[in-house]
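Derivation of every value follows stated rules applied to the coordinates shown; laboratory data play no part. Not measured: the values here are computed from a predicted model. A quick note on method: Cβ atoms are made from the backbone with ideal geometry, for glycine too, and the neighbour counts reach across all protein chains shown.
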Amino acid sequence: MKKTRTNVVKKPLIALASGVTGALTLTFIHESLRRYIPQAPRMDILGMRAIARGMYHLNKRPPEEDTLFEYSIIGDIISNSLYYTLTGTGRHAWWRGAALGVAAGVGGVVLPGPLGLGKEPSGRTNATKALTVALYLVGGLAAAAMSRALIGKPSAKELDNDNVAVV
């Protein structure tokens, strides 16, 4: 596909829409699972702890738990949207989405302890650890699916004029 002004604007918007899709998918599934499955990861608690900890370092008092939860969800959606935007728009979006998802999931299991946020919310059982990785993997794959759906297939004329691989 030749670089045109439209593509220069379109691809970043598609990547952003894909990232938001991945983040919203992850958040929706996480919030559903945590209400019904006792072994479900509690990434919301990690987010609340991180926000409260940051506020304490700034000599501020964290808000009430409900407000802290809202801040945590908003922060998760924004940060995960930006992260899943890295899935991009190319032929390898599926691989990038899967790799980013697995990396985020493994990070969600391994990093909270060393960061002082506690191991329990994402690593209390093997099922919790597996669900954590699976949730982030699904988010990455949702981002890739949206990317591929929005980018569309190249036209016959584009295939004739460029060396675009058929996907």
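Determine which member of the set Gly47, Gly75, Gly88 is of a type outside the set (Ser, Thr, Tyr), surrounded by 13 or more Cβ atoms within 10 Å (Cβ to Cβ) and at positive phi. Every option except Gly88 fails the conditions.
Give region 73-97 a look and list any residue that's more than 14 Å from the chain's Cα centre (by Cα) and among the hydroxyl-bearing types (Ser, Thr, Tyr), or say none. Thr89, the sole residue that qualifies. Considering (1) more than 20 Å from Pro38 (Cα to Cα); (2) in a helix (DSSP H, G or I); (3) without any contact (Cβ under 8 Å) to a residue 12 or more places away in the chain, the lone condition that Pro114 does not fulfil carries the number (2). Scanning region 15-32 for residues that are farther than 14 Å from Gly75 by Cα and among the hydroxyl-bearing types (Ser, Thr, Tyr) returns Ser18, Thr21, Thr25, Ser32.
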